[in-house]
Amino acid sequence: MHTVSIQGSPEKIPVGKIVCVGRNYAEHAKEMKSDIPESPVIFLKPSTAIIANGGRVLIPSISKDVHHEVEMTVLIGEGGKNIPRDRALKHVAGYGIGLDMTLRDVQAEAKKKSLPWTLSKGFDTSAPLSEFVPASSIEDPHNLNVALSVNGSVRQQSNTRHFIFKVDHLIAFISQVISLERGDVLYTGTPEGVAQVVSGDKLEARLTNPEGNVLAVLSVSVG
């Protein structure tokens, strides 16, 4: 069972499922030549995709084009069904930073054939995750900076104020159809700048507050 932790707490929280949001930044939708969605685009990763800080992303033999996608992540602390939007943030235990590693060539082929994206998004090591910062310490989750550097060069950089669908909207929307449970993790979508990584690359993702203070950091290599 894969677990995650909240800064300052010794508890190891088992992860049930990873619920991901596609195209939640308009500029990323444009770079993917996709329409800006009218409602959240949702897909799943298995918990077996998780690796922690210091881990290694392993490229499956079925792909020759692996892309990075940096995202703010949300840890569900209290589960629920049909969670009202005005109470949704009360269900959040913490915020972190993660990578939605994607087999872009496998995904493109699936899209062409109108098939599911599961293999391209859910492969082992495709969900690097940082520790979570307690939700109580975050004044506004919609004003946080997300950034990713590859081999020391910045590739992606944005702010969660550019979300198309905010965290409370996502929790309310998802919980209408899929019950959320303690330990579930939400990936909230990636900004523009996604690109290929290759074996030997070093990736560092950061979540910072408006003053630039680091809230969560994630460093992984590609093998």
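Here are a few things to note about the model shown:
- The calculated pair-distance distribution of region 1-40 uses every alpha carbon pair, bins of 5 angstrom beginning at 0, and gives 5, 19, 16, 12, 8, 11, 16, 10, 2 percent.
- Theoretical FRET efficiency, 1/(1+(r/R0)^6), r = Cβ-Cβ of residue 58 and residue 90, R0 45 Å, to 0.05: 0.75
- Across region 151-222, the mean sequence separation of Cα contacts (distance under 8 Å, 6 or more residues apart), normalised by length, yields a relative contact order of 32 percent.
- Amide H to amide H distances under 5 Å link residue 195 with 68, where only residues 5 or more positions off or on other chains count and H is placed in the peptide plane.
- Separation between Cα centres of region 161-223 and region 1-73, rounded to whole Å: 7 Å
- Cβ-defined net charge surrounding residue 44, 14 Å radius [Lys, Arg +1; Asp, Glu -1]: 0
- Of 97, 59, 50, the one that fluctuates the most in a GNM where the chain has Cα springs shorter than 10 Å: 59
- Under a Gaussian network description of the chain, with springs only between Cα atoms under 10 Å, the residue in 40, 210, 141 that fluctuates furthest is 210.
- For region 82-223, the relative contact order works out to 30 percent when only alpha carbon pairs closer than 8 Å and six or more residues apart are counted.
- Among 100, 124, 65, residue whose mean-square fluctuation peaks in a GNM of the chain (springs only between Cα atoms under 10 Å): 65
- Lysine pairs with alpha-carbon atoms under 13 Å apart, the chain, spacing 8 or more or separate chains: 4
- Normalised contact order of region 1-91, rounded percent, pairs of Cα under 8 Å and 6 or more residues apart: 21 percent
- MRE, 222 nm, helices only [DSSP H, n ≥ 4, -39500 (n - 2.57), over the chain, to nearest 500]: -3500 deg cm²/dmol
- Charged-residue dipole, Cβ positions (Lys, Arg, Asp, Glu), region 25-87 about Cα centre, Debye nearest 20: 240 debye
- Protein-only accessible surface order, largest first, of 178, 13 at 1.4 Å: 178, 13
- Extension gain, residue 137 to residue 177, is 11.5 nm, computed as 0.36 nm per intervening residue step minus the present C-alpha separation.
The values are calculated or read from the model by the stated rules, or taken from the named source; none is laboratory data. Computed from a prediction, not measured in an experiment: that's the story for all the values here. Cβ: placed from backbone, ideal geometry, glycine included. Neighbour counts: every protein chain shown. Note: accessible area is taken over every heavy atom of the protein model, side chains too, but ligands, DNA and RNA are not part of it. Shrake-Rupley method; radii C 1.70, N 1.55, O 1.52, S 1.80 Å.
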